[in-house]
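Chemist: Handing you a structure now.
The values are calculated or read from the model by the stated rules, or taken from the named source; none is laboratory data. Keep in mind that what you see is a predicted model, and the values were worked out from it rather than measured. Here the Cβ positions follow ideal geometry from the backbone for every residue, glycine too, while neighbour counts run over all protein chains shown. Heads up: the accessible areas ignore ligands, DNA and RNA and are worked out on the full protein's heavy atoms, side chains in. Shrake-Rupley method; radii C 1.70, N 1.55, O 1.52, S 1.80 Å.
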Amino acid sequence: SLNIARLKRGGKHCLVIVGYDALQFNWVREAELHTNEKAHVLGQKINRKGNLVCGSVKERFEDLQNLDKIEEFFIVTTITTLRQCEKQKYIDKKGKERTNKIFYMADLLEEWCRRGEIGRIIYDEFQTVKNWDVDQTQALMRLKTCPYKIAATGTPIMNKNIDLYPLFVWLG
């Protein structure tokens, strides 16, 4: 998937979303090993021990706001970053309390896709996206204008065939 994204360049960056936080630096190593391209983890910084680590949500958001200044082709983040949202409660016309979610990270990524800065998205461990009611699925579905998407999974059906439905909706 890394080589497909690299060879079919569209936009300045390819966004790699990993389903599990522990995989993001593995994708950095794989990108360098297999494509000779550098990868940037949103919010990355060097800790006191000299290791590359992922920063706070605030640092990831600041990094994302300055995406046009990042030189690396591959931008790596996690679904944990993508699903960050603010929840606002309101009362609907029938008097029921509802919650409106603002996915500020996903919305900013969608804006970068619309501008052509992000031309490819690779989502690893897509089997983690199967329930429509959870924040990660709702956030991911906001990334719809990116023209080229790859959904990677070794376990496409976890429990039922309907688990494939979000995958096909996201891929279009």
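Chemist: Based only on the alpha carbon positions, what is the Kirkwood hydrodynamic radius of the chain, in angstrom? Mind dumping the intermediate values first?
Modeler: Values: mean 1/r = 0.0596 Å⁻¹.
It works out to 16.8 Å.
Chemist: Can you compute 3J(HN,Hα) from phi for each residue in the stretch 80-96, using the Karplus curve 6.51 cos²θ - 1.76 cosθ + 1.60 with θ = phi - 60°, rounded to whole Hz and x for Gly and Pro?
Modeler: Whole-Hz 3J(HN,Hα) from phi for the stretch 80-96: 4, 5, 4, 8, 4, 8, 10, 10, 10, 8, 8, 9, 7, 4, 8, x, 8.
Chemist: For the stretch 119-134, in order, what is each residue's ³J(HN,Hα) by Karplus, 6.51 cos²θ - 1.76 cosθ + 1.60 with θ = phi - 60°, in whole Hz (x at glycine and Pro)?
Modeler: x, 9, 10, 10, 10, 9, 6, 5, 5, 6, 9, 9, 9, 5, 8, 8
Chemist: Also, quick follow-up: Carbon and sulfur atoms: what percent of the 1.4 Å accessible area of the stretch 77-167 do they account for? Intermediate results must be reported in sequence, preceding the final value.
Modeler: Values: 2370 of 4990 Å².
Ligands and nucleic acids excluded, carbon and sulfur give 47 percent.
Chemist: For the stretch 118-172 and the stretch 38-85, what is the centre-to-centre distance using only Cα atoms, to the nearest Å?
Modeler: Computed from Cα coordinates, the inter-centre distance equals 21 Å.
Chemist: What residues qualify as long-range amide H neighbours of Val16, i.e. H under 5 Å apart, gap of 5 or more or another chain, H built at 1.01 Å from N?
Modeler: Here the answer is Ile75, Val76, Thr77, Ile122, since their amide H atoms fall under 5 Å of that of Val16.
Chemist: Heavy-atom accessible area of Trp132 with all protein chains present, probe 1.4 Å, nearest 10 Å²?
Modeler: My reading of the accessible area for Trp132 is about 100 Å².
Chemist: Per residue, how much accessible area does the stretch 41-143 show when a 1.4 Å probe rolls over the protein heavy atoms, in square angstrom? Intermediate values should be presented prior to the final figure.
Modeler: Numbers: 5500 Å² over 103 residues.
Averaged over the residues of the stretch 41-143, the accessible area is 53 Å².
Chemist: Apply the Karplus parameterisation 6.51 cos²θ - 1.76 cosθ + 1.60, with θ equal to phi minus 60°, to every residue of the stretch 42-52 and state each ³J(HN,Hα) to the nearest whole Hz, in sequence, with x for glycine and proline.
Modeler: Couplings: 4, x, 5, 7, 9, 7, 4, 7, x, 8, 6 Hz.
Chemist: Give me, ordered by chain and number, the residues 5 or more places off Gly55 or on other chains with an amide H under 5 Å from its own placed amide H.
Modeler: Result for Gly55 returns Gln44, Lys45.
Chemist: Report, by chain and number, residues whose modeled amide H sits under 5 Å from the one on Thr145, excluding near sequence neighbours (fewer than 5 apart, same chain).
Modeler: Hits under the 5 Å cutoff: none.
Chemist: Counting Lys and Arg as +1 and Asp and Glu as -1, what is the net charge of the other residues whose Cβ lies under 13 Å from the Cβ of Asn36? Spell out each step's value before the answer.
Modeler: Values: positive: Arg6, Arg29, Lys38; negative: Glu30, Glu32, Glu37, Glu72.
Summing Lys and Arg as +1 and Asp and Glu as -1 gives -1.
Chemist: In what order, largest first, do His34, His40 sit by accessible area if the probe radius is 1.4 Å?
Modeler: Numbers: His34 100, His40 20 Å².
Result of the area sort, largest leading: His34, His40.
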